[in-house]
Each structure stands twice: as structure tokens, then as C-alpha cells.
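Some notes on the structure that comes next.
The values are calculated or read from the model by the stated rules, or taken from the named source; none is laboratory data. Computed from a predicted structure; not experimentally measured. Please note: Cβ atoms are built from the backbone with ideal geometry, for glycine as well, and neighbour counts cover all protein chains shown. For accessibility, only protein heavy atoms count, side chains too; no ligands or nucleic acids. Shrake-Rupley method; radii C 1.70, N 1.55, O 1.52, S 1.80 Å.
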Amino acid sequence: MDAESILHDKIVEYMTKLSIGTSSMIAAKQRKPSTSYEKQKEQCVKYFDQWTETDQVEFVENLISRMCHYQHGHINSYLKPMLQRDFITVLPARGLDHIAENILSFLDARSLCAAELVCKEWYRVISDGMLWKKLMERMVRTDTLWKGLSERRGWIQYLFKNKPSDGILPPDCFYRSLYPQIIQDIETIESNWRCGHHGLQRIHCHSETSKGVYCLQYDDQKIISGLRDNTIKIWDKNTLECKHVLTGHTGSVLCLQYDDKVIITGSSDSTVRYVWLLPVVVGLHSGELTH
């Protein structure tokens, strides 16, 4: 055997003797290391530092394989915090704020609240990344109740754009304080529906030849319905008064769609040939039917 192999075996033997047995470990932690131990430890560390990384790893593996279960647990407890990394803090320090923000943007509201409390740096990443705003935008895109509430309450004006019309974007704390109010509104709506605490208004579309509504569409000002009596009726959403009746189909109106300019209807008479000029109709003028 060469001199290096002999030295390696002696170091392993010495280090193993120092680490055998639970009682020996406890006693070693409670007593002050002897002078001879300190000198031998320094020699071992000196030789260890001279080896390559591969040799160091092999030596430590050999050493660990000679230890008992308790010693393995002790080493594991020592290594665990060393192996942990606070990537949310590390990424911005390396100029990768956008990655940290993207990771946290997948959190739900409860998890986002918890993340804010981790440390000041996590709170800064959440605030600077406007993650409460992004969470609300995600909910509006995926939940029809959120979308309808955002339009009804008007806070949709603060979403889906970097800057509103006045050029001033509210800070993230604005969205953070708005979120609980939205949740409270949603809970109130759901509770009202479950318990029947809601104001029910009816529009009676009965006519001599019809007792059915086949389709409808509405916005903040009007409700447009397609009826079984071949007509299309436009109602004022606030007063529920019928403002106009459109005729022309010879069968029940089964579907309709409108925008700011036109109404397109489909009927059981197998036609989709009636396009009503909406601004003319809503203005209560005698509009012409275009084919």
C-alpha cells in the first residue's frame, strides 16, 4: 500500500472511533474536547482539504457507512438546513424577480396571505409583482360570478391593463384590501340564493299565440328576447317595459345575438336572414330590415 492509502485508512479509523456509539456522542457534546483531539482534528482537516472533491465525497461516504443510526439522524439534522434554499429571496438578488413573481402567481388567496408573512423580501416580491391584482384577474377570467360582479361593482376598470385611463395604477395594497370585500359580496350572493333572500321580478311575455321564451340576451340597459310567437321583444332592464317588438320571422325565434350595431336572429322557419339595425331599433325609430 502507498503512503496516501495508509494515511487514508488511519484517518478513517480515527474518525470512526470518535463517532461510535450514542453514549459516546452525547458525552462528547457535553465535555470539552481534549488537546490531543484538537490537534488530531486539525491534521485530519488539513489532509482532507488537500484532496480533490471526489476524494472528499468518497471519504465522507466511507465514514458515514461506519456510523450508527443515531449518528445518521444527527448528520441529517445538520445537513437539512444547509440544503434548503429560499429561492424566492435568491432569485431577485440575481436579477430574476420575474421568475419569483411567476412562481408565487400560482398561489390561491389563502396561500398568498401566508407567503406575505414569510419575510420582508417575500412581501416585497408579492407587492412589486402586483400578485393580488393578477389573482383577481385570473378569477375574473375563469369564474362567471367574479366577472359579473366586477362589471356590476365597477372594479374591473382596475384590471387587465398596466395603467388605467388616468395613468395612475393603484398599489397592490388596494387589491389586497379589495379582495376580502369581493369574497364577502360573493358569499352574500350565494347565501341569498340558497335562502331565497332575493328580489324576484318577472317579465310576462304571454301573447295570444305564444306562451314561451326560447332565447334572450341582456346588458345593463336592455333585455332582448326571442319568442315562440315569431317576434323579438326589447325590454327596458330597469323598468321592465317592452320598448319595441320586431317582426318578420314566420317561425319561432330560437336564437339571437347582438352587439352595438346589429341583432342577428335564427328561427324555426329555417332562416337567419334578418339582421336588425340595433341603434335604429333602440332609438325607437322605424328601422328597416336588412337581408
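Worth a mention:
- Complete set of residues in the range 182-206 that are open to solvent by less than 80 Å² (accessible area, probe 1.4 Å) and within 16 Å of Ser150 (Cα to Cα): Ile182, Ile183, Asp185, Ile186, Thr188, Ile189
- Subset of the range 214-241 [in contact with a Ser or Thr (Cβ under 7 Å, 6 or more places away or on another chain) and open to solvent by 90 Å² or more (accessible area, probe 1.4 Å)]: Tyr214, Leu216, Arg228
- Candidates are the residues of the range 70-90 that are among the hydrophobic types (A, V, I, L, M, F, W, C) and in contact (Cβ under 8 Å) with a residue 12 or more places away in the chain; the one that is surrounded by the most Cβ atoms within 10 Å (Cβ to Cβ) is Ile88.
- Residue in the range 161-168 that is at pLDDT 90 or above, closer than 27 Å to Asp220 by Cα and surrounded by fewer than 11 Cβ atoms within 10 Å (Cβ to Cβ) present: no
- Criterion: more than 25 Å from Leu149 (Cβ to Cβ) and surrounded by 15 or more Cβ atoms within 10 Å (Cβ to Cβ) - qualifying residue of Ala93, Ala100: Ala100
- When Gln50 is tested against (1) open to solvent by less than 100 Å² (accessible area, probe 1.4 Å); (2) of a type in the set (S, T, N, Q); (3) more than 30 Å from Met139 (Cα to Cα), only condition (1) is not met.
- Arg153 vs. criteria modelled with pLDDT of 90 or more, farther than 30 Å from Gly251 by Cβ, open to solvent by 100 Å² or more (accessible area, probe 1.4 Å) and basic (Lys, Arg): no
- For Tyr78, the conditions (1) under 30 Å from Lys120 (Cα atoms); (2) at pLDDT below 85 all hold with the exception of (2).
- Hits in the range 114-150 (condition: of a type outside the set (D, E, K, R), assigned to a loop (DSSP other than H, G, I, E, B) and open to solvent by 40 Å² or more (accessible area, probe 1.4 Å)): Leu117, Val118, Cys119
- Residue match in the range 248-259 (condition: over 30 Å from Asp108 (Cα atoms) and either in a helix (DSSP H, G or I) or at pLDDT below 85 (or both)): yes
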